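To start, the structure itself, in structure tokens.
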2 protein chains.
Amino acid sequence: MKLPSWLTPRPLVQRVHVELPPPNLNDNAADLDRLLRLLRKEGFAPLAVPPLYIPRWVRAVRAGDFKVTVHLGYNGLQWEILDVSPGRVTGSVLAFAADLGTTRLCFYLMDLTSGRLLERSSAANPQIPYGEDILTRILFAREQENLERLQSLLRQAFNQTMESMLERAGRSSAEVFALVIGGNTTMSHLFLSLDPSHICREPYIPAVNHFPFYHGEELRLAIHPRALVYLFPNVGSYFGGDLVAGIIASGMHLAEETSLLVDVGTNAEVVLGNRHWLIACAGAAGPALEGGVVERGMMASPGAVDRVRIDPETFHVDFHVIGEGKPRGLCGSGLIDLIAEMFMAGILTIQGKINTRCDSPRIDVSGDVPAFVVAFGNETADGRDLSVSEIDVGIFLKSKAAMFTILTVIMNKVGLSFNDLKRFYVAGTFGNTIDPAMAIRIGMLPDLPLDIYQGLQDTVGLGGMMLLMDRGLLAEVEAVCERITYIELNVNMELMNEFRGALFLPHTDPRLFPSVNIPERALV
Amino acid sequence: MKLPSWLTPRPLVQRVHVELPPPNLNDNAADLDRLLRLLRKEGFAPLAVPPLYIPRWVRAVRAGDFKVTVHLGYNGLQWEILDVSPGRVTGSVLAFAADLGTTRLCFYLMDLTSGRLLERSSAANPQIPYGEDILTRILFAREQENLERLQSLLRQAFNQTMESMLERAGRSSAEVFALVIGGNTTMSHLFLSLDPSHICREPYIPAVNHFPFYHGEELRLAIHPRALVYLFPNVGSYFGGDLVAGIIASGMHLAEETSLLVDVGTNAEVVLGNRHWLIACAGAAGPALEGGVVERGMMASPGAVDRVRIDPETFHVDFHVIGEGKPRGLCGSGLIDLIAEMFMAGILTIQGKINTRCDSPRIDVSGDVPAFVVAFGNETADGRDLSVSEIDVGIFLKSKAAMFTILTVIMNKVGLSFNDLKRFYVAGTFGNTIDPAMAIRIGMLPDLPLDIYQGLQDTVGLGGMMLLMDRGLLAEVEAVCERITYIELNVNMELMNEFRGALFLPHTDPRLFPSVNIPERALV
């Protein structure tokens, strides 16, 4: 993970070593006033001090004989003193960036002095037992007690993960002066114990989009009690701070040329634009793509088939399994590969039917609907054939059609065609493993030159790290949110017509996919 | 107590009734963002929100169906939301001003809606058992535990007094949204649990002069948890927020003409200046003046002689006792009257000796030193003669000399004479009971036309109430502190020479007191 070169290094937290002129009868400013006077003169203005820490900090000024180390944080409106210690504190200033995902929490421990990433780690979101999907968790959180329980679980997971990362790095929680978090709107609400119940009902209104800065102690986090805690703002109920962090990480909001960013996760979230304008929308395209709905679908984890090749002559199947063991299922990218390869080999028709006239033992017609065997029982982890049925394919095509529809609709909204795009970012844990060549063949992504596509990994973590290293991005984030026009797709009528055409392989209108050579067999 | 007419009514706390446009698909700002947007548009910007209250307040927005009552406070840098309640909250907005005196605490319950004073009350400072004077308390507070104990005692006294005042007014603590406090530097430190130990050692440096705003909950005060708590800033160790409040109350910092304000309490604190400049100093002049050191001296309370007249022919003594009972001692103003009348009757010489040649049974030469009997045993509360000895007079003269010296020194500092003063304010619980005519006769106050003198009562309370009603004074207070040049008298060499002349009645240089006709007998 590399910070972009255009970043101005001006960290969110600054450490200064201060040597105050000792008081005398001619300069009798009080201890705290003396400290603040010097800090303000050094540019830390306006400057706020948390009242309850003053007794301790003025003692530190005396204990250090007017030589102190001060940590200051910028909260977007003003500087805040985070800590005052006697003498000269050495060692680098630490901070965390965190990706608050519905499924996984990812943490990045950063050295703000050098700008380097020290440790990264992740943990399962501990709320999963209370709902794999966001909606179930929202319903569960209707009771105040449950809302607090969900928050408490997250806090524990945050604290445990951060503490063990610090231990590995040989550092302590008191050295962590900032935490920057990117999460979707609901996850941000659950992290802060904010009522999420209006997020899922028309007109889909979050409790809060722009969060004030919190402090470590207010959220009982295992970091410095006065550490700044920043959450990227949401644009709407279905466009959260994680996406905003992604925009920042991509840099698309700075480019003269128009680009598109799609985050493929549980939802597909799309941003289109450039330095002048940004338009965004989100829609439920993901579940099947991610491998969640298809019968043998699974998350990208050991045992998942993530790459597939089919010989169009022999129908021999070559696949790769994550972790190199026997296959247990298919993850999203494996599924995309499989559908694309089945289509190219003529095993799937343009309507998404399995071509039973293909002569191969892999065409299994023993069930209610035809199926295709990716791996026979003797090759799999559970001894059962790993196959996809026509029903699975149908489910998958709905997802890919939804995805392409969302992309088409957002382009239409601004009167642009895909060819106007100079860059097409594919992000999200699943998104960035997609092979664009395969996704184009099945009509999931538009038919653009492959070098237009760019996979983005860890966009939330990167966006968070960037913000930690350049507090100027606080204003930029606000400007981006201000600039984004969010379209609520749930009520868009144009959708259904686009969707029907996109259900085909690659599409009912082949002119949209000139590079895809549809095999004869698929036209049957 | 009347607020001055020049005050701009713009209270520190504002209540607004807000009716938010309900969200829809075209205006999908989040609940909190929607509220803040409207408040900012109404001029409350920059605007801060305490993070931990957000969950509650967004629920209030929904509970009130987007109609809420918001209380906002201005902290000098920005507005803060203090509370959000569903619907329309009625009844006036309340606030307290408090005079945090070394001896007494005075409270003023104010209706910020009308600007009226609803209740006033006072209580003894509960720290007295730990030291009548400030120095003893500072020494006691060296142990952290003791410092916290002193704070806790003050808190209890504040809470008890404020609660009973609210009860009398039929109101509740949750309706109190601000508390403005004026105290001397040490008392402010003890109220906030700040180490006061450097206040009393050269170079006399407080821990803090300019306090940030606190909130009710941070000090565990029986007011609204987010109520703003403001302490007037100190100028130095011996020039506290109480004096700054007094300057504001007097309005001397706004006048084109030069005036002088002296606060006579345990110390004598003096400010000289006008709208262009202010100079201040303080010195230990008070104890004897206040009646604290003289053998039969006492505080101005029932049983204290506060007015004395002596017939220069018959030496008959006429006096007034506070509470109209039998006398037990002499308070400050009674002592000044007595010394002045003894001098005018020729019972005291210009050197402060008792003229034993006066023919009166009141001249008591039975002891080691001569004394003058104010009231014989049959007239007094304890059956003992109430008298002052030559030693008492000597102690008193030192105090009055210190006072006059301080006044002279500060005038000399700026090259002005007393005749340049257009107004001479005498403040402080003791100060404003002094009869200037008497104080001039003994050379304690300069010989100026009597209409130049103006007694000021409750200056701290008035200054606090003014600040509550006009937040614009926050900046004015800072400007006043900025403008004040504080002179440390403890190290001024000029003092001793001035002091020696001022030990006489009225002074070694009679040209300074042309209006005082020194009786023949006093020249003996």
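Just so it is clear, none of the values below were taken in a lab; they were calculated from the coordinates. The shown structure was predicted, so the numbers you read here are calculated from the model rather than taken from an experiment. Because the Cβ atoms are built from the backbone with ideal geometry, glycine has one as well, and the counts that use them run over all protein chains shown.
Could you work out the Rg to Rh ratio of the range B:332-453, with Rh taken as the Kirkwood radius (inverse of the mean 1/r over all Cα pairs)?
1.04
May I ask you to sort A:PHE213, A:PHE504, A:PHE404 by Cβ crowding, counting other Cβ atoms within 10 Å and putting the fewest first?
Listed from fewest to most nearby Cβ atoms, that is A:PHE504, A:PHE213, A:PHE404.
How fast does the range B:324-386 diffuse by Stokes-Einstein, in µm²/s, taking the Kirkwood radius from C-alpha pairs at 10 °C and 1.306 mPa s?
127
Taking the Cα centre of the protein assembly as shown as origin, work out the dipole magnitude from +1 charges on Lys and Arg Cβ and -1 charges on Asp and Glu Cβ, in debye rounded to 20.
For the protein assembly as shown, the charge dipole is close to 320 debye.
Using helices alone, what [θ] at 222 nm do you get for the protein assembly as shown, with -39,500 (n - 2.57) per DSSP H run of 4 or more residues, divided over all residues and rounded to the nearest 500?
-9000 deg cm²/dmol
Please compute the volume of the convex hull spanned by the alpha-carbon atoms of the range A:5-156 and report it per residue in Å³.
167
For the Cα atoms of chain B, what angle does the longest principal axis make with the long axis of helix B:459-469, in degrees from 0 to 90, nearest 10?
20
Pick out, from A:LEU118, A:LEU147, A:THR136, the residue whose Cα sits farthest towards the positive end of the charge dipole of the range A:5-149, with +1 on the Cβ of Lys and Arg and -1 on the Cβ of Asp and Glu.
So the residue furthest toward the plus end is A:LEU118.
Give a quick list of GluC sites (Glu not before Pro) in the range A:97-161 that DSSP marks as loop, anything other than H, G, I, E or B, with at most 10 other Cβ atoms within 10 Å.
Sites meeting the loop and neighbour criteria: A:GLU143.
Based on the alpha carbons, how large is the Rg to Rh ratio for the range A:13-86 when Rh follows Kirkwood?
Rg/Rh: 0.94.
For chain B, what is the convex hull volume of its Cα atoms per residue in Å³?
154
Just to confirm the filter: which GluC sites (Glu not before Pro) across the range B:288-348 are DSSP coil and have at most 11 other Cβ within 10 angstrom of their Cβ?
Counting only loop positions with at most 11 other Cβ atoms within 10 Å, the GluC sites (Glu not before Pro) in the range B:288-348 are B:GLU313, B:GLU324.
Report for the protein assembly as shown the percent antiparallel among DSSP-assigned beta bridges with both residues inside it, nearest 5.
65
Please figure out what share of the DSSP beta bridges in chain A is antiparallel and state it in percent, rounded to the nearest 5.
65
How big is D for the range A:366-438, in µm² s⁻¹ as a whole number, if Stokes-Einstein is applied with the Kirkwood radius of its Cα pairs at 37 °C and 0.692 mPa s?
This corresponds to a translational diffusion coefficient of 211 µm²/s.
What is the P(r) of the protein assembly as shown, as percent of Cα-Cα pairs per 20 Å bin from 0?
12, 32, 25, 16, 9, 4, 1, 0
Name the residue from B:ILE81, B:VAL68, B:PRO46 whose Cα lies farthest towards the positive end of the charge dipole of the range B:30-87, charges +1 on Cβ of Lys and Arg and -1 on Cβ of Asp and Glu.
B:VAL68
Which net charge results when you count Lys and Arg as +1 and Asp and Glu as -1 among the other residues whose beta-carbon is under 12 Å from that of A:VAL369?
Neighbourhood net charge equals -4.
When the dipole is taken about the Cα centre of the range A:13-86, and only Lys, Arg (+1) and Asp, Glu (-1) are charged at their Cβ, what size is it in debye, to the nearest 20?
So the dipole magnitude of the range A:13-86 works out to roughly 60 debye.
For the range A:94-231, what does the convex hull of the Cα positions come to per residue, in cubic angstrom?
Looking at the range A:94-231, the number lands at 94 Å³ per residue.
Return the whole-Å distance between the Cα centroid of the range A:120-191 and the Cα centroid of the range B:183-262.
When both Cα centres are located, 43 Å separates them.
Amide H to amide H under 5 Å from A:VAL89: which residues, 5+ apart in sequence or cross-chain, H placed 1.01 Å off N in plane?
Under 5 Å from the amide H of A:VAL89 lie the amide H atoms of A:THR69, each far enough along the sequence or on another chain.
For the range A:109-210, which chymotrypsin sites (Phe, Trp or Tyr not before Pro) are in a loop by DSSP, counting at most 12 other Cβ atoms within 10 Å?
Nothing satisfies the criteria.
Would you kindly work out the equivalent ellipsoid of the range A:288-396 from its C-alpha gyration tensor and give its semi-axes, the square roots of five times the eigenvalues, largest first in whole Å?
20, 15, 13
Please give the charge dipole size of the range A:423-519, origin at the Cα centre, charges +1 on K and R Cβ atoms and -1 on D and E Cβ atoms. Round to the nearest 20 debye.
For this selection, approximately 240 debye.
Pop out the Kirkwood hydrodynamic radius of the range A:210-358 from its pairwise C-alpha distances, inverse of mean 1/r, in Å to one decimal.
About 18.7 Å for the range A:210-358.
Counting other beta carbons within 10 Å of each Cβ, put B:ILE442, B:ILE406 in order, fewest first.
Sorted ascending by nearby Cβ count, the order is B:ILE406, B:ILE442.
Taking only the alpha carbons of the range A:424-524, what extent do you get along each of the three principal axes, in Å, biggest first?
59, 31, 20
Helix A:31-41 versus the longest principal axis of chain A: what angle, 0 to 90°, nearest 10, using Cα atoms?
Tilt relative to chain A: about 60 degrees.
Pick out, from B:THR258, A:ILE487, B:THR408, the residue whose Cα sits farthest towards the positive end of the charge dipole of the protein assembly as shown, with +1 on the Cβ of Lys and Arg and -1 on the Cβ of Asp and Glu.
B:THR258
Which three semi-axes in whole Å describe the equivalent ellipsoid of the range B:150-253, each the square root of 5 times a Cα gyration tensor eigenvalue, listed largest first?
Ellipsoid half-lengths, sorted descending, are 26, 16, 11 Å.
Would you mind computing the Rg to Rh ratio of the range A:136-199 from its alpha-carbon coordinates, Kirkwood style for Rh?
1.08
Taking B:ASP420 in one copy and the same position in all the others, each labelled 7 Å out along Cα→Cβ, what are the pairwise distances from the first, in nm, shortest first?
7.6
If you count the DSSP beta bridges with both ends in the range A:94-231, what percent of them are antiparallel, to the nearest 5?
Counting only bridges with both partners in the range A:94-231, antiparallel ones make up about 65 percent.
Which cross-chain or sequence-distant (5 or more) residues have an amide H under 5 Å from the amide H of B:TYR453, H modelled 1.01 Å from N in plane?
Answer set, sorted by chain and number: B:PHE424.
Specify the inter-centroid distance of the range B:45-70 and the range A:7-35, based on alpha-carbon positions, in whole Å.
36
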